[in-house]
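The values are calculated or read from the model by the stated rules, or taken from the named source; none is laboratory data. This structure is a prediction, so every number in the text was calculated from the model and none was measured. All Cβ positions, even for glycine, are placed from backbone atoms using ideal geometry, and neighbour counts span all protein chains on display. These area figures cover heavy atoms from the full protein model, side chains too; ligands, DNA and RNA do not enter into them. Shrake-Rupley method; radii C 1.70, N 1.55, O 1.52, S 1.80 Å.
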Amino acid sequence: MMLEVRDLERRYARRDVHALRGVSFDVEAGQRFGIVGESGSGKSTLVRLLAALDKPTAGTVSFQGRRIDNLPERRLGFLRSELQIVFQDPMGSLDPRMRVLDIVSEPLGRREPGRVAELLAAVGLPADAAGRYPHQFSGGQRQRISIARALAPNPSVLIADEPVSALDVSVRGQILDLLASLVEQFALTLVFVSHDLGVVRHVCDRVAVLRRGEIVELGDVAQVYDAPQHEYTRELLAAAPNLRAELARLSGGDDG
Ligand SMILES: Nc1ncnc2c1ncn2[C@@H]1O[C@H](COP(=O)(O)OP(=O)(O)OP(=O)(O)O)[C@@H](O)[C@H]1O
Ligand SMILES: [Mg+2]
């Protein structure tokens with residue numbers, strides 16, 4: 001099993017928030033696992049625990065059969081290359097003072113212009129992008145840079161936390177298509193977080209519906225969308241924008 005999450009809890013004592021309340025699920029190798037829920041439901045908290053960027057207050061996370069929730073940072077080196085995250089806001093996650101060459105090389109620990117050129121090509125950026133700075137790119141292109149950096153260490157798991165919600169609607173489809181094709185090309189396991197059901201359906205084969213820190217529904221995408229078992233899932237589906245229109249929109253667009 002790629003990831004095993006058991007009875008995971010996270011309380012933020014300072015603000016008296018119980019952000020995760022006993023979450024359990026498995027992610028198999030090669031799966032595209034969606035986590036969907038409203039703002040504040042605990043999605044990013046869960047992602048940080050999956051990536052061992054934070055410690056749970058209870059419960060466990062295992063990566064390829066090995067507990068990671070209780071390891072000190074000095075023993076997490078393997079995970080830092082095996083599992084990579086793409087965040088929502090590419091501007092916030094790219095150091096504005098660094099050139100793309102250095103940004104993409106960062107997870108490798110040293111500059112590798114050849115590898116960076118390969119990665120830039122894989123994400124559809126021109127080779128001369130390596131010498132430029134983040135502000136010289138559009139939002140969609142900056143997210144391509146983040147994706148190139150995430151792929152640099154050859155991870156087995158890619159986590160994308162709302163990777164298109166900060167982007168212009170017109171470029172979302174292209175970035176989602178890129179992610180989907182890279183997941184295929186590099187045989188990645190994907191954990192994909194979104195509050196947008198249309199997007200999750202487009203990208204994932206399994207989905208967990210998170211509500212106030214609990215999974216209320218978990219299953220194959222087709223099953224959850226066509227025959228939702230939980231009232232909350234039905235409400236989310238009813239509130240979602242017209243899925244057909246959404247998908248038509250997502251498959252068009254221009255990156256600028
Ligand atoms: N570092 C923190 N300290 C205190 N409370 C936090 C912290 N991070 C998140 N929270 C709280 O935990 C709850 C879950 O937040 P989280 O960011 O995980 O939700 P989310 O589903 O990612 O939301 P969004 O869709 O807005 O990104 C919220 O009530 C939030 O205010
Ligand atoms: Mg979040």
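Taking the Cα atoms of the chain, the ratio Rg/Rh between the radius of gyration and the Kirkwood radius comes to 0.96. Restricting attention to the chain, close to 55% of DSSP beta bridges with both partner residues there are antiparallel.
In a fully extended conformation the segment linking V169 and L108 would gain 18.7 nm over its present Cα-Cα distance, using 0.36 nm per residue. Stretched out straight at 0.36 nm per residue, the stretch from M1 to A222 would grow longer than its current Cα-Cα span by 77.3 nm.
In terms of the Cα gyration tensor, with a ≥ b ≥ c the square roots of its eigenvalues, is the range 115-164 rounded because a/c is under 1.5, prolate because a/b exceeds b/c, or oblate? Working shown, then result.
Working: a/c = 2.36, a/b = 1.22, b/c = 1.93.
Verdict is oblate for the range 115-164.
The alpha-carbon atoms of the range 1-41 define a convex hull whose volume equals 75 cubic angstrom per residue. Close amide H pairs (under 5 Å, H built 1.01 Å from N) link I159 with Q84, I85, V86, V191, residues at least 5 positions away or on another chain.
Please sort 149-159, 192-202 by packing, taking for each peptide the average over its residues of neighbouring beta carbons within 10 angstrom, highest first. Mind showing how you got there, number by number?
On the way: 149-159: 21.2, 192-202: 22.7.
So the order, starting with the most tightly packed, is 192-202, 149-159.
Of the accessible area of the chain, computed with a 1.4 Å probe over protein heavy atoms only, carbon and sulfur atoms account for 46 percent. Please compute, over every Cα-Cα pair in the range 1-71, the percentage with a separation greater than 19 angstrom. Everything past 19 Å amounts to 29 percent. According to the square roots a ≥ b ≥ c of the eigenvalues of the Cα gyration tensor, what is the shape class of the range 42-111, taking rounded for a/c under 1.5, prolate for a/b larger than b/c otherwise, and oblate for the remainder? Oblate, since a/c reaches 1.5 and b/c is not below a/b. Normalised by residue count, the range 1-151 yields a Cα convex hull volume of 141 Å³ per residue. For the chain, relative contact order (Cα pairs under 8 Å, six or more residues apart, normalised by length) works out to 24 percent.
For E184 and A121, the FRET efficiency from 1/(1 + (r/R0)^6), where r spans their Cβ atoms and R0 equals 22 Å, is about 0.85.
Which whole-number percent gives the relative contact order of the range 160-217, counting Cα pairs below 8 Å spaced six or more residues apart? Walk me through the numbers before you get to the answer.
Numbers: 35 pairs, mean separation 17.0, N = 58.
Answer for the range 160-217 is 29 percent.
Ranked from largest, the principal axis spans of the Cα set of the range 113-227 equal 49, 28, 23 Å.
Note that the range 157-204 shows a convex hull volume over its alpha carbon atoms of 64 Å³ per residue.
How much area per residue is accessible in the range 1-110 when the probe is 1.4 Å and only protein heavy atoms are counted (Å²)? Please report the intermediate quantities before stating the final value.
Numbers: 5570 Å² over 110 residues.
Result: 51 Å² per residue.
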